[in-house]
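For reference, the structure is listed below as structure tokens.
Since every read-out is calculated from the coordinates, none of them should be taken as a lab result. All values derive from a computational prediction rather than experimental measurement. Here Cβ is always computed from backbone atoms with ideal geometry, including for glycine, and neighbour counts include all displayed protein chains.
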Amino acid sequence: MTGKIKVMSIFGTRPEAIKMAPVVRQLMRHTDAIETRTLVTAQHREMLDQVLHLFHIVPDYDLNIMAAGQTLFDITSRAMLGINEVFQQERPNLVLVHGDTTTTFAGALAAYYHQIPVGHVEAGLRTHDIYSPFPEEMNRRLTGGIATLHFAPTPTAHANLRAEGIPEGRIFVTGNTVIDALHHTVRPDYVLPAELRGVDFADHRVLLVTTHRRENLGEPMRHVYRAIRDIIEELGDVEVIFPVHRNPKVREIVREELGGLERVHLIDPLDYEPFANLMARVDIVLTDSGGIQEEAPSLGKPVLVLRDTTERPEAVTAGTVRLIGTDERRVYEETMRLLTEPTAYTYMAEAVNPYGDGKAAHRIIEAILYHAGHAQTPPEPFQSA
């Protein structure tokens, strides 16, 4: 391709924004070869805006689709219609989408309908169960079926794509852009929010808990919270910080099981910057989040994953993450093991993070330039230890 490449990045949620921000910033550094456009669907409005502000990104297009009580049908149809209008104006040469949200799939499908090539950032993650996690597993598989360029974060993701018949020349192993974002965000002099000033990070062990997955709503979450309550009552030097998801169903169960307990800090969800810096200071993370499985190990924090499946097996293999599900007894035992057995804790905390070296966005831009004929050689692939 001669002339500038017009690249449009599309995302709509906080996790996507965190991981796409380093890519957008790198694109903006290549004004000689790339004309960059950014479109946000704002599938998650408030949480998205925090990240845009932190990384100094002003979108060219903001569809602002979030609505109270929105369903997957609402998000998909609103995003598709809005993106269609933008594509009719802009006609990009390449559309970049990230990961596995409903915005991801809507952006990829809209690009396909316009016959615009798609680059899939964080491609190749698989649990091989289309309902776990739901709808993310199918979102990323369908996006992978449409994409021309696949930016796989790890060799495992690369192998998944090859097993599905994706040609070798279309896959680039880049590392995960979330590590790039963390390098930009975590600072030793960062001052945590006032609501956390009462936490004794010096003399207490601190657990960070996050839960939000649809498949964990109801009794599975209740089991997790009861295990945490038992640990707090048993060990006097343990504190829990729990940024509680805004979903009213989650909040109700949290309040019933953990409300009013001493040394349990139930707070509102944090912006990305304070959350990343909080992660750097706690001792153990319990989560059903996907992204945290990548972030926390890079900060040397053991992660207990409150799910039965993961699309990030590299961390399990490396030893930085342990898949424990939501059984009350198992959650209690696995957490107590890390709190009472120093060798078990050290093994997980000191395992090598397999997800990135902070140069993923750079490799993605190099791959785009190579594919467009603006560079002679592809980027050197990321090698996990």
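Karplus-derived 3J(HN,Hα) values for the range 284-300, using 6.51 cos²θ - 1.76 cosθ + 1.60 with θ = phi - 60°, are 9, 10, 10, 7, 10, 6, x, x, 5, 4, 8, 6, 4, x, 5, 9, x Hz; glycine and proline are entered as x.
Relative to the longest principal axis of the Cα atoms of the chain, the long axis of helix 45-54 lies at roughly 80 degrees. The value given for the range 194-349 is a Kirkwood hydrodynamic radius of 15.4 Å, derived from the mean inverse Cα-Cα separation. Candidates Pro342, Ala194, Pro274 compared by Cα position along the dipole of the range 194-349: farthest toward the positive end lies Pro274, with charges placed on Cβ. Multiplying the residue separation of Arg91 and Glu350 by 0.36 nm and removing their Cα-Cα distance gives an extension gain of 88.5 nm. Taking other C-beta atoms within 10 angstrom as a stand-in for reagent exposure, Val118, Val352 fall in the order Val352, Val118, fewest first.
At Glu219 and Asp268, where each label point lies 7 Å from the Cα along Cα→Cβ, what is the point-to-point distance in nanometres? Placing both labels 7 Å along Cα→Cβ, they lie 3.4 nm apart.
Net charge of the neighbourhood of Leu63, taken over other residues with C-beta under 15 Å away and scored Lys/Arg +1, Asp/Glu -1, is -4. Summing charges over neighbours of Pro15, with a neighbour being any other residue whose Cβ is under 11 Å away from its Cβ, gives -4 when K and R count +1 and D and E count -1. Among the GluC sites (Glu not before Pro) in the range 278-385, those located in a DSSP loop and surrounded by at most 15 other Cβ atoms within 10 Å of their own Cβ are Glu350. Between Arg246 and His204, residue separation times 0.36 nm minus the direct Cα-Cα distance comes to 12.4 nm. As a length-normalised measure over Cα pairs under 8 Å and 6 or more apart, the relative contact order of the chain settles at 16 percent. Could you tell me the calculated FRET efficiency between Thr317 and Ile130, based on Cβ-Cβ distance and R0 = 25 angstrom, to the nearest 0.05? It comes out at approximately 0.60.
Rounded, prolate or oblate: which one fits the range 326-369, using the alpha carbon gyration tensor with axes a ≥ b ≥ c (rounded when a/c is under 1.5, else prolate when a/b beats b/c, else oblate)? Oblate is the answer for the range 326-369, as a/c is 1.5 or above yet b/c matches or exceeds a/b. Among the chymotrypsin sites (Phe, Trp or Tyr not before Pro) in the range 71-109, none is located in a DSSP loop while being surrounded by at most 11 other Cβ atoms within 10 Å of its own Cβ.
With contacts taken as Cα pairs under 8 Å at a separation of at least 6 residues, the range 194-349 carries a relative contact order of 24 percent. Report the GluC sites (Glu not before Pro) located in the range 198-272 that are in a DSSP loop and have at most 13 other Cβ atoms inside 10 Å of their Cβ, or state none. Within the range 198-272, the qualifying GluC sites (Glu not before Pro) (loop, at most 13 other Cβ atoms within 10 Å) are Glu262. Computing FRET efficiency as 1/(1 + (r/R0)^6) for Glu256 and Arg329, where r is the C-beta to C-beta distance and R0 is 30 Å, gives about 0.90. Extent of the chain along its three principal axes (Cα atoms, max minus min coordinate, largest first): 66, 44, 41 Å. Extension gain, Tyr113-Lys4: 0.36 nm per intervening residue step, less the Cα-Cα distance, totals 36.9 nm. Inter-label distance, Met80 to Gln376: 4.6 nm, where each label sits 7 Å from its Cα along the C-beta direction.
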